[in-house]
Every structure is written in structure tokens, then in C-alpha cells.
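The values are calculated or read from the model by the stated rules, or taken from the named source; none is laboratory data. On a predicted model such as this, the values are computed, not experimentally measured, just so you know. Counting neighbours? That spans all protein chains shown, and the Cβs are built from the backbone with ideal geometry, glycine included.
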Amino acid sequence: MKILKSALLVYFILATTYVAQAQTINSNKSEVKFKISGGGIFTVKGTFTGMKGDFNFSESNISGSSFDICIDAKSINTKNDKRDKDLRSADFFDVENYETICYKSNTVTKTNDGYQTTGEMTIHGVTKTVTIPFTFKNNTFEGDLEINRLDYKIGEDYGTFRVGETADVTIICKIE
């Protein structure tokens, strides 16, 4: 009986720790910003929205923290309708076949500058391991990384002069 009580106590502690970590993403205020060279002479800036998923972060339980989050690939917005249509096409993001861009963490750790998460990023049907350094302040996750679009088979026929090879990406996830 004593073992059963101990097991129930451990289960209760673990369950309440998990529940306390679960947070709700404010999809209206969360976005992924990017910038990439265009034509070798200018920079294209844009956003993705429609962020959804499981956000579980606790500064007091970093090793128990996790992220499993996706954004809507169709939401790409560079403030140029023709370019956005091209980016949604099969030549680039192929949003009809790959509706989401997703990240699922394997680890979350503390660093000197904040935190970092390492996990699997899936874009355009290709999954790669990435590390995202981030801060978490005022219920806001903000992380930066560089993505090589050719690693994800995006716009392969466009070379690197017309469209830059790497994009600087900032993830802003607001928690309610």
C-alpha cells in the first residue's frame, strides 16, 4: 500500500508539472519573419503566420520543456501579391502539397545568452536538425536562425543570384 501511495504521489507531481508548463500560443500575435537576398541587389522581407502547436516552456524545468509547433505555409506574405503567388507555387514552397512548416524540439537547454532548442525542422517535406538560440521574456519566445533554402529543396531551379541561398529567420511566439 505504501508503494502505491508513493507511486500516486510521483504521478501527481509529474502530471501537475506537465500541466503547469502547457501554454497557449497567441496565433494572432505570433509570426515568423524572414529576409533573403533578391536579385543580388535587394532584400526581400516577409512573414509567415498561423502558428499552432504545443508550447511547453518552464524556466524552472528547462529539461522538461518542449516545442512542437507549425506555421501555415500558405500565409507567406512579402507584400507583393505576384511574388507571394510564386512563393506558394510548386517552384518554391509548394503549399498545396506541403501545407505547414514545423519544428519539433529534441532538447531545450540554458545558455549564457538565454536558451537554445535543438530539434527537427520540416520544410517542403524535408526534415533537418537545427539549433535555435532563443530568449523568453514577457511571455514571448524569440529565436533566430539561418536557413539554407537549398537544404530544403526550395527554389532549386532559381540558382543563388536571383534568390539568395540563405534566409535569416526570426521566430516570435507570443504566449497567452
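Quick notes on this one:
- In the range 64-118, the qualifying residues are those that are assigned to a strand (DSSP E or B) and aromatic (F, W, Y), and the one that is farthest from F141 (Cα to Cα) is Y103.
- The residue pairs whose first member lies in the range 98-125 and is over 17 Å from I171 (Cα atoms), whose second member is among the charged types (D, E, K, R) and not in a strand (DSSP E or B), and whose beta carbons are closer than 7 Å, counting only pairs six or more residues apart or on different chains, are E99/K74; H124/D94; H124/K153.
The rows are residues; the columns are (1) surrounded by 14 or more Cβ atoms within 10 Å (Cβ to Cβ); (2) modelled with pLDDT of 95 or more; (3) hydrophobic (A, V, I, L, M, F, W, C).
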position: K2; (1), (2), (3): no, no, no
position: V10; (1), (2), (3): no, no, yes
position: A22; (1), (2), (3): no, no, yes
position: S27; (1), (2), (3): yes, yes, no
position: K35; (1), (2), (3): yes, yes, no
position: G40; (1), (2), (3): no, no, no
position: G50; (1), (2), (3): yes, yes, no
position: S65; (1), (2), (3): yes, yes, no
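- Checking D168 against (1) farther than 19 Å from G50 by Cα; (2) without any contact (Cβ under 8 Å) to a residue 24 or more places away in the chain, the condition it does not meet: (2)
- Taking residues in the range 33-46 that are closer than 13 Å to R149 by Cα, and partners anywhere that are assigned to a strand (DSSP E or B) and of a type in the set (K, R), the pairs with Cβ atoms closer than 6 Å and at least 6 places apart or on different chains are K35/K45.
- Positions within the range 119-176 being assigned to a loop (DSSP other than H, G, I, E, B) and over 24 Å from V44 (Cβ atoms), in sequence order: N138, N139, E176
- Conditions (1) in contact with a helix residue (DSSP H, G or I) (Cβ under 7 Å, 6 or more places away or on another chain); (2) under 30 Å from S60 (Cβ atoms): number failed by M121: (1)
- Residues of the range 100-150 that are aliphatic (A, V, I, L, M), modelled with pLDDT of 95 or more and surrounded by 13 or more Cβ atoms within 10 Å (Cβ to Cβ): I101, V108, M121, I123, V130, I132, L145, I147.
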